Amino acid sequence: VSNSLVSHNCFGSIFGQHYKTLAALLGIRPDEAQELQAIFLQEFKRAGQWLTDIETQAMATGTVMTPMGRVRHLADAYARNEGAGNRRARNSPIQAASSDTTALAAWRMQTMIEDAGLPFKLINFVHDAVTLAIPLDYDCLTQSVEIMNESMVNIDEFMKEEFGIDMIVPMEIDYDIGVRWGHLIDWDGVESNLRPIFDRCVEWDRQLRTGEKWHDIANE
């Protein structure tokens, strides 16, 4: 089974994608797409029941709730296009779980920075990403990674204590590092690969300070 097929079926089934739409995306017959969705929900029965419960709640109350208790009112829950209403109902708590987790991680991160008196600045967070500005120093970089891991990865006890959520699937985060937002370098989390990225950032900073234009530096 191709990665594309698995990806489309997984996300499509979760978010309430119509089987005819899935068929068009995969270039298969509608009945084959319908069977794929049925197999997916049968394989992950608890997930399928959770999605059904979300739709039931939306129809009964006009609201949905995130795993952390945030409520969203759905104005179109009773619209004639039931499929669109169901998709919005399913999508809201799933996407909001990511947003809620990120907001909590940003709060924990800021608390750690303030408690330790670190020269870091949490300058932005949106949906599923946190942007942290730190001095161009390797020790600061490694320390910021430790804080991010503690705030966004090692959260099992925190989630259990605060929300009664058992994290049965481990959290992972992706890192992008650089001196300019438009040109960040992906870091895979492997410690030995961090130093070369830092050295590249130091060189970029040196070039900028000597007056070189960024578009010339970035195209090297």
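The values are calculated or read from the model by the stated rules, or taken from the named source; none is laboratory data. It should be emphasised that the depicted structure is a prediction, and the values quoted were computed from it without experimental measurement. As a convention, Cβ positions derive from the backbone with ideal geometry for all residues, glycine included, and neighbour counts pool all protein chains shown. In case anyone asks, the SASA skips ligands and DNA or RNA and just uses the protein heavy atoms, side chains included. Shrake-Rupley method; radii C 1.70, N 1.55, O 1.52, S 1.80 Å.
Within the stretch 92-120, the set of residues being touching a strand residue (DSSP E or B) at 6+ places or on another chain (Cβ under 8 Å) and over 18 Å from Gly164 (Cα atoms) comprises Ser92, Ala106, Met109, Gln110, Ile113, Phe120. For the stretch 180-210, a tally of residues being touching a residue at least 40 places away in the same chain (Cβ under 8 Å) and basic (Lys, Arg) returns 1. Do we find that Glu161 is among the acidic types (Asp, Glu) and under 20 Å from the mean Cα position of the chain (by Cα) in this structure? Criteria not met by Glu161.
Listed conditions (1) modelled with pLDDT of 85 or more; (2) closer than 27 Å to Tyr19 by Cα are all met by Met109, apart from (2). Scanning the stretch 25-54 for residues that are of a type in the set (Val, Ile, Thr) and outside any helix (DSSP H, G or I) gives a single hit, Ile28. With the structure loaded, tell me whether Gln57 is open to solvent by less than 50 Å² (accessible area, probe 1.4 Å), assigned to a helix (DSSP H, G or I), of a type in the set (S, T, N, Q) and out of contact with any Pro (no Cβ under 7 Å at 6 or more places or on another chain) or whether it fails that test. The answer is no for Gln57.
Scanning the stretch 180-202 for residues that are in a helix (DSSP H, G or I) and either open to solvent by less than 70 Å² (accessible area, probe 1.4 Å) or hydroxyl-bearing (Ser, Thr, Tyr) (or both) gives Ser192, Asn193, Leu194, Ile197, Phe198, Cys201, Val202.
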